[in-house]
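Each remark here refers to the structure printed beneath this line.
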Amino acid sequence: AQRVTQPEKLLSVFKGAPVELKCNYSYSGSPELFWYVQYSRQRLQLLLRHISRESIKGFTADLNKGETSFHLKKPFAQEEDSAMYYCALSESNTGKLIFGQGTTLQVKP
Amino acid sequence: KAGVTQTPRYLIKTRGQQVTLSCSPISGHRSVSWYQQTPGQGLQFLFEYFSETQRNKGNFPGRFSGRQFSNSRSEMNVSTLELGDSALYLCASSPWDRNYGYTFGSGTRLTVV
């Protein structure tokens, strides 16, 4: 069955430390993967799409098909990065987004 | 460019009643999807509409229904409300190419008492 797993509910780091938010997926086809972010009292917004291989706000994510992972990384965390992060997989034939349970990133000063 | 607009922002309904939620997508976006967000189950797909046709449906009972109008605006209806339907209902829109990613609205917070 299609599934997205984010093993950490909470990740707490100090400002300036590297960040890695883990995401593993289970999908029989060729996945389209995304990271969404939800800042406090704001709407869910798209952060990254794996197909565009872009870097947004210093975040990058690489699709590793062998390990079925799509971890989100940033070399130096900022306090404004504190938010809830969701990894999502788009089913190719339906467009349905399957979300992980989310990881709260807390960046301490 | 206006974002995805959902109305109302908050609703309180009594068990057994029905409710209709509204979503206006970004201008030019033809795909509209609905998601239910709860603390226990997280974000779950309800259904997707494209050009007034339901293209996909999630694993929700028939009490949950929706429709899309010719201007791409969408409504979601829940009949015979149950306490467990209390949730944040999110609408998301996308251009024709879904892999572009979805833009979400702020949601409608439904509380069933």
Exclusive hit being more than 9 Å from chain B (Cβ to nearest Cβ) and outside any helix (DSSP H, G or I), set A:Glu80, A:Glu54: A:Glu54
Enumeration of residues in region A:17-62 that are among the hydrophobic types (A, V, I, L, M, F, W, C), under 25 Å from A:Thr94 (Cβ atoms) and open to solvent by 50 Å² or more (accessible area, probe 1.4 Å): A:Leu46, A:Ile51
Residue among B:Phe50, B:Phe60, B:Phe64 that alone is among the aromatic types (Phe, Trp, Tyr), more than 16 Å from B:Arg30 (Cα to Cα) and open to solvent by 10 Å² or more (accessible area, probe 1.4 Å): B:Phe60
Within region B:32-47, tally of residues that are of a type in the set (Val, Ile, Thr) and open to solvent by less than 20 Å² (accessible area, probe 1.4 Å): 1
Extreme residue, modelled with the highest pLDDT, among residues of region B:8-31 that are within 13 Å of B:Ala92 (Cα to Cα) and open to solvent by 80 Å² or more (accessible area, probe 1.4 Å): B:Ser27
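Among the residues of region B:72-84, is any touching a Cys at 6+ places or on another chain (Cβ under 6 Å) and either under 28 Å from A:Thr104 (Cα atoms) or free of Cβ contacts under 8 Å to residues at least 40 places away in the same chain (or both)?
No, region B:72-84 has no match at all.
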Filter result for B:Leu90 (modelled with pLDDT of 95 or more, facing chain A (nearest Cβ under 9 Å) and in a strand (DSSP E or B)): yes
Residues located in region A:83-109, provided they are in contact with a helix residue (DSSP H, G or I) (Cβ under 8 Å, 6 or more places away or on another chain), part of a strand (DSSP E or B) and within 11 Å of another protein chain (Cβ to nearest Cβ): A:Ser90
When residues of region B:39-87 are limited to those that are modelled with pLDDT of 95 or more and among the β-branched types (Val, Ile, Thr), the one farthest from the chain's Cα centre (by Cα): B:Thr80
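The values are calculated or read from the model by the stated rules, or taken from the named source; none is laboratory data. The model shown is predicted, which means the values in this text are computed figures rather than measured ones. So basically every Cβ, Gly included, is an ideal-geometry build from the backbone, and we count neighbours across all protein chains shown. Heavy atoms of the whole protein, side chains included, go into the accessibility calculation; ligands, DNA and RNA do not. Shrake-Rupley method; radii C 1.70, N 1.55, O 1.52, S 1.80 Å.
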